[in-house]
Amino acid sequence: IESFPLFGYDLKDYEELYEEKLELLLKIRASEKVTWRGGHRPAIDNMGVYPRALQEPLPVWIGTGGNPESAVRAGLLGLPIAFSILGGEPQRFAPLVKLYKEAAVKAGHDPNKLQIATHSHGFISNTAQEAAK
């Protein structure tokens, strides 16, 4: 959120900006020529977006620190999700995974094809004592 003032955005528009930017990204991913209208940037009328991604389609994941709305959004769109576990027990993310899968099924996506990832901080060493140190 520190960059909001830099780009002239108001933090109260966070959700709307997120949805708008994600929608535009998915349109760019889906088509070389893009027509799009939103509330926070000028309209785009049949413009080409170059260079094109080598991957087809460009991988787009939803990252979240545990926001239920993000889990539902990713599920409805059928997008992969990555949960960032910065603290606490990983088990607390199980209800979010359930929300994600339920939203995906509701939108007609195959839950067996969903990609789910997590990441968290940790210490790695040859022994537990060295890692703790």
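Details
- Integer Hz, Karplus 6.51/-1.76/1.60 couplings in order for the stretch 65-82, x for Gly and Pro: x, x, 7, x, 4, 5, 5, 5, 4, 4, x, 4, 7, x, 8, x, 10, 10
- Partners for K101 among lysines (Cα-Cα distance below 25 Å; same-chain residues under 8 apart left out): K21, K27, K113
- Overall form of the stretch 51-117 per C-alpha gyration tensor (a/c, 1.5; a/b vs b/c): oblate
- Helix-only [θ]222 nm of the chain, DSSP H runs n ≥ 4, -39500 (n - 2.57) each, per residue, nearest 500: -10500 deg cm²/dmol
- Gyration tensor verdict on the stretch 1-118 (Cα atoms; rounded if a/c is under 1.5, prolate if a/b is larger than b/c, oblate otherwise): oblate
- Karplus 3J(HN,Hα) series, Hz, for the stretch 9-16 with 6.51 cos²θ - 1.76 cosθ + 1.60 (x for Gly, Pro): 9, 9, 4, 5, 8, 3, 4, 4
- Using C-alpha pairs below 8 Å separated by at least 6 residues, the relative contact order for the chain is 16 percent.
- Shape class of the stretch 1-47 from the alpha-carbon gyration tensor: prolate, with a/c at 1.5 or above and a/b greater than b/c.
- Backbone N within the stretch 40-62 under 16 Å of label point (7 Å from K27 Cα along the Cβ vector): 40-50
- For the stretch 48-53, 3J(HN,Hα) computed residue by residue from phi via the Karplus equation (6.51, -1.76, 1.60; θ = phi - 60°) reads x, 10, 9, x, 7, 5 Hz, glycine and proline entered as x.
- Surface composition of the chain: carbon plus sulfur atoms contribute 57% of the solvent-accessible area (1.4 Å probe, protein chains only, all chains present).
- Database remark: amide H of G66 closer than 5 angstrom to the amide H of S84 (H placed geometrically; neighbours at sequence offset of 5 or more, or on other chains; Pro and chain starts carry no H).
- FRET E, pair V34, L54, Förster distance 25 Å, beta-carbon r, rounded to 0.05: 0.85
- Only Cα pairs under 8 Å and 6+ residues apart enter the sum, and on that basis the relative contact order of the stretch 40-112 stands at 30 percent.
- Sorting 18-25, 52-59 by average packing, meaning the other beta carbons within 10 Å per residue, from highest down gives 18-25, 52-59.
- Maximal additional length on extending the H119-D10 stretch stands at 36.3 nm, based on 0.36 nm per residue less the C-alpha distance.
The values are calculated or read from the model by the stated rules, or taken from the named source; none is laboratory data. The structure displayed is predicted, hence computed values, not measured ones. Quick reminder, even Gly has a Cβ in these numbers, built from the backbone with ideal geometry, and neighbours come from all protein chains shown. Ligands, DNA and RNA are stripped out before the accessible areas are found, and what is left, the full protein with its side chains, is counted by its heavy atoms. Shrake-Rupley method; radii C 1.70, N 1.55, O 1.52, S 1.80 Å.
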